Amino acid sequence: MRYENRLPPEGINTSRVHPLRQFVQLAVGAVVLVVILVVFLQYAGALVGRRIPFSYEQRVMERLDIEMGEAAQHPEMTAYLNELAGRVSQHLSLPEGMRVSVHYDSEDVFNAFATVGGNLLFYRGLLSRMPDENTLAMVMAHEIAHVLHRDPVAALGGGIASTIALLGLTGNAGTGMAGQVMNHAGVLTGVQFTRSMEVAADDAALSAVNGLYGHVNGASTLFELFSASRGRESSLAKTPWLERFLSTHPLDEDRIARISQRGVEHNWRSDGELTP
């Protein structure tokens with residue numbers, strides 16, 4: 001038997017495809033994969049979250065015993081906010097057993113939000129800027145609409161599912177350029193998911209405000225205040241299409257335009273008397 005020690009063919013380890021092209025193909029494929037996965041998991045997690053009974057949400061929050069607001073220090077303000085929430089809720093058709101609890105915080109923060117278990121938190125920084133009750137009712141109705149639509153628990157379920165998937169794909173912290181690209185792709189996909197919740201909550205809130213006062217005057221004032229508080233000097237403000245894509249909420253000018261459009265569609269008055 002004869003043995004030969006042949007040399008390997010020339011260029012056997014050299015690819016005919018440019019390495020930069022291969023990198024771009026892999027990067028684009030990874031981003032597309034992450035976007036598809038996050039979209040699927042966001043909706044799947046949200047669907048599962050919305051099937052959790054609301055009573056279970058409430059029991060969980062009670063067991064966690066998380067202190068929210070300053071009811072003991074500001075009983076009158078807390079009572080007023082809950083009374084307004086009760087009036088607004090009558091025009092949102094909350095199902096039996098679903099109720100909201102409004103908490104007041106004296107910090108100078110221009111914000112309000114809804115969380116699981118029907119808990120709403122309003123900050124003094126927001127309330128001090130409200131020119132009338134109609135504008136405040138729009139905020140209140142918007143946050144109650146989130147509870148009605150089960151958005152807090154849906155966002156929690158979708159966020160947990162997509163985060164676990166991203167950690168599995170990108171490693172413990174998504175270090176390195178590839179991990180950062182895939183993480184950012186997942187975050188931007190989640191942004192689109194939350195924006196749809198905001199639009200639905202705005203529509204429900206506007207209908208509730210009209211039902212409560214017989215007009216929608218003051219509803220758009222809320223977003224005018226938001227716009228003024230954020231300022232329009234950011235670099236993104238010069239590129240509205242990019243800001244629309246990156247923002248977790250619809251742009252203030254888009255929300256104002258939608259309020260006007262919905263008012264015309266439903267023949268709602270926009271010049272009614274404002275309540276102090």
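The values are calculated or read from the model by the stated rules, or taken from the named source; none is laboratory data. This is a predicted model, so every value here is computed, not measured. So basically every Cβ, Gly included, is an ideal-geometry build from the backbone, and we count neighbours across all protein chains shown. Surface accessibility is based on the protein's heavy atoms, side chains included, excluding ligands, DNA and RNA. Shrake-Rupley method; radii C 1.70, N 1.55, O 1.52, S 1.80 Å.
Picking from residues in segment 248-276 that are charged (D, E, K, R) and open to solvent by less than 60 Å² (accessible area, probe 1.4 Å), the one that is nearest to residue 201 (Cα to Cα) is 255.
Among all positions in segment 34-55, there is at least one residue which is within 26 Å of residue 145 (Cβ to Cβ), surrounded by fewer than 16 Cβ atoms within 10 Å (Cβ to Cβ) and modelled with pLDDT of 85 or more. Taking the criterion of being in a helix (DSSP H, G or I), free of Cβ contacts under 8 Å to residues at least 24 places away in the same chain and either open to solvent by 10 Å² or more (accessible area, probe 1.4 Å) or not small (Gly, Ala, Ser) (or both), the residues of segment 120-146 that qualify are 124, 126.
Residue pairs whose Cβ atoms lie under 7 Å apart, sitting 6 or more positions apart in sequence or on different chains, and linking a residue in segment 98-113 that is at pLDDT below 90 to a partner that is part of a loop (DSSP other than H, G, I, E, B) and acidic (Asp, Glu), do not occur here.
Of all residues in segment 195-219, those that are in contact (Cβ under 8 Å) with a residue 60 or more places away in the chain and either in contact with a strand residue (DSSP E or B) (Cβ under 8 Å, 6 or more places away or on another chain) or of a type in the set (A, V, I, L, M, F, W, C) (or both) total 7.
The residues of segment 6-33 that are hydrophobic (A, V, I, L, M, F, W, C) and either modelled with pLDDT of 75 or more or open to solvent by less than 100 Å² (accessible area, probe 1.4 Å) (or both), listed by number, are 7, 17, 20, 23, 24, 26, 27, 28, 30, 31, 32, 33. Residue 214 meets the conditions (1) exposed (fewer than 13 other Cβ atoms within 10 Å of the Cβ); (2) at negative phi; (3) modelled with pLDDT of 50 or more in every case but one. The failed one is (2).
Among the helices (runs of 4 or more DSSP H) contained in segment 19-119, which hold 2 or more residues that are under 23 Å from residue 275 (Cα atoms)?
Correct list: 75-89.
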